[in-house]
Every structure is written in C-alpha cells, then in structure tokens.
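The values are calculated or read from the model by the stated rules, or taken from the named source; none is laboratory data. All values reported here derive from a predicted model rather than from experimental measurement. Cβ placement follows ideal geometry from the backbone for every residue including glycine, while neighbour counts extend to all protein chains displayed. The protein model used for the area step is the full one, side chains on, heavy atoms only, and it has no ligands, DNA or RNA in it. Shrake-Rupley method; radii C 1.70, N 1.55, O 1.52, S 1.80 Å.
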Amino acid sequence: MADQRPLSIGHSPDADDAFMFHALANEKINTGNFRFEHILRDIETLNQWALEGRFEVTAVSIHAYAYLSD
C-alpha cells in the first residue's frame with residue numbers, strides 16, 4: 001500500500017519480546033495503514049534511545065520507565 005504510515009518499533013531479540021512481537025513482525029494481524037520496522041537492540045540501548053525519543057514505540061526496562069512515564 002502506497003499510503004501506509006511507517007512506524008519504528010524498538011525491542012530486544014530476547015525470547016519474551018520475540019513472543020510479544022511475533023504476530024506483528026510476521027504479518028499475522030491486520031495493521032491497516034501502518035507498516036512496522038522492527039529495530040532489535042539490547043535493552044540498555046533501547047532505554048537510551050527512548051530517552052532521546054527515537055522511536056514511536058519501544059520496549060524499555062522498568063527502571064527507564066520511571067524516567068519516561070510522564
């Protein structure tokens with residue numbers, strides 16, 4: 001679809017994140033006009049990038065969440 005909106009999603013390659021993002025990454029669910037780019041990095045890198053506002057959606061540690069919750 002030419003009018004799809006791209007969204008970047010940061011998550012770790014760990015098993016728990018892989019499980020959560022499996023259906024989305026493998027196009028098992030209808031995402032409408034959204035197209036997702038999966039960025040796989042370790043949680044410390046994702047925490048730092050979240051503080052910088054690099055992605056629309058990202059996984060973070062519970063510690064980083066305290067700094068990002070507002």
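What's the number of the condition residue 49 fails, among (1) assigned to a helix (DSSP H, G or I); (2) out of contact with any strand residue (DSSP E or B) (no Cβ under 9 Å at 6 or more places or on another chain); (3) open to solvent by 40 Å² or more (accessible area, probe 1.4 Å)?
Exception for residue 49: condition (2).
Could you look through segment 21-40, keep only residues that are under 13 Å from residue 59 (Cβ atoms) and in contact (Cβ under 8 Å) with a residue 24 or more places away in the chain, and pick out the one that is least open to solvent (accessible area, probe 1.4 Å)?
Restricting to residues being under 13 Å from residue 59 (Cβ atoms) and in contact (Cβ under 8 Å) with a residue 24 or more places away in the chain, the top hit is 39.
Exactly one condition in (1) surrounded by 13 or more Cβ atoms within 10 Å (Cβ to Cβ); (2) under 12 Å from the mean Cα position of the chain (by Cα) is false for residue 13; which is it?
(1)
With the requirement that a residue be of a type in the set (Ser, Thr, Tyr) and assigned to a helix (DSSP H, G or I), what does segment 3-46 give you?
Across segment 3-46, the qualifying residue is only 45.
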